[in-house]
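Read the structure below first, then the notes.
Values quoted throughout were computed directly from the atomic coordinates according to the rules given, and no laboratory measurement underlies them. Here the structure is a predicted model, which means the values were calculated and not measured. Glycine gets a Cβ as well: all are built from the backbone with ideal geometry, and neighbour counts include every protein chain shown.
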Amino acid sequence: MSDTTQILTRAFDAAAPTRVRDSSRVRDYVDLLKPRVMSLVVFTGLGGVLIAPGHAHPFAAGLAVLAIALGSGAAGAINMWYERDLDALMARTANRPLPAGRVAPDDALGLGVLLSIFSVLLMAVATNYVAAALLVAAILFYVFVYTIWLKRRTPQNIVIGGAAGAFPPMIGWAAVTGDVSAVGIVLFLLIFLWTPPHFWALALYRSDDYRRAGVPMLPVVAGPRETKRQMLLYTLVLMPVALAPTLLGAVGWFYGAVALAMSLAFIGHAAVVWRTADDRSAFPAARRMFRFSLLYLAVLFAALPLDGVVARILVARTLVG
């Protein structure tokens, strides 16, 4: 091996740890934005954009979805900053960047505040002030109402606080139309009513974590039996709301059929959880329900824009025939 090759090899090896550290640091800052939550927010926000009546320039619509994503990430970063003491006590969250000491608290707060401001300004410039105002409301609600006020004080934290995560499709709708209609409100209610059984399923099999951290989630305060009863009731109330976009004429029978099938399956999962014993034997059923709840929302918000595609295909076939 030549001297030049040896020098280059040593330089590359010396730089490798720095590259790894830089990559890890970027990943830590991305984790502050709660990318899994953000992906669901983006998906539901995009659903509101795609089914809204009227026309939005694709570039403006893309910026609107980006603003929703950044607003969600901003709220997530501020949430992690405020809850870093709780996260350190829970096995599910102890390795997050703040409790693990990989990111300074001030850096997380600064990132959240800057992204909040930028996301709202981007929404206002790209679309309209109604959508921007709704984005402001979503961020403030998640930070001040859910994170600071409700999370540590009441078992209704998820019920009321779930409104923050229900804003994105209504924001997407408003980004196109400039207003909030009955359909936009229905999309809001769909996520609002989906949130409690979704999170309570998680809380059932993570109840020890919440108890250790002193978070008054419903399984900790009211016990598993009442939690499972509430989960079943919410899935029953959710079904007519899930069907409402079809009943209001915003979408057709394809979405309605998907919503009906998925809602019945969601109720079925809740019924299975309800029938399990009030001990750790309920955990597998609760975990399955939690995973299905993610699929439920994803499938419904995929079916909303697909409904129009299916309708156009059927019309084209009819004309050809």
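Highest mean packing first, where packing is the average number of other Cβ atoms within 10 Å per residue, the peptides 260-267, 40-47 line up as 40-47, 260-267.
The label point for V299 and the one for H55, both projected 7 Å from the Cα toward the Cβ, are 3.6 nm apart. The order of the peptides 200-208, 136-144 by mean Cβ neighbours within 10 Å, most packed first, is 200-208, 136-144. With a point put 7 Å past each Cα toward its Cβ, work out how far L248 is from D279 in nm, to one decimal. Output for this residue pair reads 4.7 nm. Rounded to the nearest 0.05, what FRET efficiency do I185 and R225 give with R0 = 51 Å and r taken as the Cβ-Cβ distance? Could you check? Plugging the Cβ-Cβ distance into 1/(1 + (r/R0)^6) gives 0.95.
Once you reduce segment 132-208 and segment 235-289 to the center of their Cα atoms, the two points are 18 Å from each other.
Under the shape rule built on the C-alpha gyration tensor, where the axes satisfy a ≥ b ≥ c, segment 27-179 is prolate, since a/c reaches at least 1.5 and a/b is greater than b/c. Protection proxy ranking of 297-310, 96-109, by the mean of other Cβ atoms within 10 Å over each peptide's residues and highest first, is 297-310, 96-109. Under the combined filter of DSSP loop state and at most 12 neighbouring Cβ atoms within 10 Å, segment 19-101 retains these trypsin sites (Lys or Arg not before Pro): R92. Long hydrophobic helices in the chain: the complete DSSP H runs spanning 27 Å or more by Cα along their own axis with mean Kyte-Doolittle hydropathy of at least -0.5 are 58-82, 105-126, 182-205, 224-247, 253-275, 283-320.
When the chain is described by a simple charge dipole with +1 on each Lys and Arg Cβ and -1 on each Asp and Glu Cβ, the residue from A270, P169, A302 located farthest towards its positive end is A270.
When the helix-only estimate is applied to the chain (DSSP H runs of n ≥ 4, each -39,500 (n - 2.57), divided by the residue count), what is the mean residue ellipticity at 222 nm, nearest 500 deg cm²/dmol?
Taking each H run of at least 4 residues, the total per residue is -26500 deg cm²/dmol.
Note on A104 and I148: with the Förster distance fixed at 25 Å, the Cβ-Cβ geometry gives a FRET efficiency of about 0.75. Pairs of Cα atoms nearer than 8 Å and 6+ residues apart set the relative contact order; for segment 27-179 it is 35 percent. Is segment 181-311 best put as rounded, prolate or oblate by its Cα gyration tensor, with a ≥ b ≥ c the root eigenvalues, rounded for a/c under 1.5, and otherwise prolate when a/b is larger than b/c, oblate when not? Verdict is prolate for segment 181-311. Across segment 174-296, the relative contact order, built from alpha-carbon pairs under 8 Å that are at least six residues apart, equals 31 percent. Between L121 and V37, the contour length at 0.36 nm per residue exceeds the alpha carbon distance by 28.1 nm.
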